[in-house]
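Quick notes on the structure that follows.
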Amino acid sequence: MSGGTFEYEQYYIQTLIEEMQEQSEWVKDNYSIDIYTNHITTINKLKHVYIHVQRLDWLFAGDDDEESYKKRLNTELKMLRIKMPDDTRPHKDGWAPGNYTNNCHTCFEEFVGDKRAVTCAPCAYGDNT
Ligand SMILES: [Zn+2]
């Protein structure tokens, strides 16, 4: 097993993400769109935090050198953005949900959204900041 710098406590974040994802439909059905949006945004932020902690763990435990740390971090953050085609958060700034593949004008990554969307949901909602 690799890592261990933080006693594998980042796995609690992963469990939290899974539990929150399981509650998404319930939140959508029982609360306003603003609360639902905050719920989804929080899950996305936790996913970023998890990746960052996991990569630092491997770096500090000596499993990665700085070069492979940066490479793995960039790859995993990129995968996270691409793996979000189910983002159904409502229209905001240049973002709107849909099924077209576009390139974000802010982060330049590929995303799935409305035909006329120019910004990915994570950029529009500030998930990456
Ligand atoms: Zn973006």
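The values are calculated or read from the model by the stated rules, or taken from the named source; none is laboratory data. Predicted, not measured: the structure shown is a model, and the values here were computed from it. So basically every Cβ, Gly included, is an ideal-geometry build from the backbone, and we count neighbours across all protein chains shown.
Filtered by the rule that a residue be more than 9 Å from the ligand (Cβ to nearest atom) and surrounded by 17 or more Cβ atoms within 10 Å (Cβ to Cβ), the range 102-125 gives ASN102, VAL112, GLY113, ALA117, VAL118, TYR125.
Within the range 90-121, the set of residues being assigned to a strand (DSSP E or B) and either small (Gly, Ala, Ser) or within 18 Å of the chain's Cα centre (by Cα) (or both) comprises LYS92, TRP95, THR101, ASN102, ASN103, GLU110, PHE111, VAL112, GLY113.
The rows are residues; the columns are (1) among the small types (Gly, Ala, Ser); (2) out of contact with any Asp or Glu (no Cβ under 8 Å at 6 or more places or on another chain).
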{"residue": "VAL49", "(1), (2)": "no, yes"}
{"residue": "HIS52", "(1), (2)": "no, yes"}
{"residue": "LEU56", "(1), (2)": "no, yes"}
{"residue": "LEU80", "(1), (2)": "no, yes"}
{"residue": "ALA96", "(1), (2)": "yes, no"}
{"residue": "ASN103", "(1), (2)": "no, no"}
{"residue": "ARG116", "(1), (2)": "no, yes"}
{"residue": "ALA124", "(1), (2)": "yes, no"}
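Taken over the range 8-42, the residue count meeting the criterion of being farther than 23 Å from TRP58 by Cα, in a helix (DSSP H, G or I) and out of contact with any Phe, Trp or Tyr (no Cβ under 6 Å at 6 or more places or on another chain) is 18. Pairs meeting the criteria (first residue in the range 1-14 and touching a residue at least 12 places away in the same chain (Cβ under 8 Å), second residue loosely packed, with under 12 Cβ neighbours inside 10 Å, beta carbons under 6 Å, at least 6 apart or on different chains) are lacking. Just one of (1) at pLDDT 90 or above; (2) more than 16 Å from the ligand (Cβ to nearest atom); (3) surrounded by fewer than 16 Cβ atoms within 10 Å (Cβ to Cβ) fails for THR88. It is (1).
Which residue out of ASN44, ASN128 is surrounded by fewer than 19 Cβ atoms within 10 Å (Cβ to Cβ) and at pLDDT below 95?
The unique qualifying residue is ASN128.
Hey, can you tell me all the residues within the range 33-76 that are within 14 Å of the chain's Cα centre (by Cα) and among the hydroxyl-bearing types (Ser, Thr, Tyr)? Answer for the range 33-76, where residues must be within 14 Å of the chain's Cα centre (by Cα) and among the hydroxyl-bearing types (Ser, Thr, Tyr): THR37, THR41, THR42, TYR50, THR75. Is it fair to say LYS71 is within 12 Å of the ligand (Cβ to nearest atom), outside any loop (DSSP other than H, G, I, E, B) and surrounded by fewer than 15 Cβ atoms within 10 Å (Cβ to Cβ)? Judged against the criteria, LYS71 is not a match. Applying the condition of being more than 10 Å from the ligand (Cβ to nearest atom) and either at pLDDT 90 or above or polar (S, T, N, Q) (or both) to the range 91-101 and asking which residue is surrounded by the most Cβ atoms within 10 Å (Cβ to Cβ) yields ALA96.
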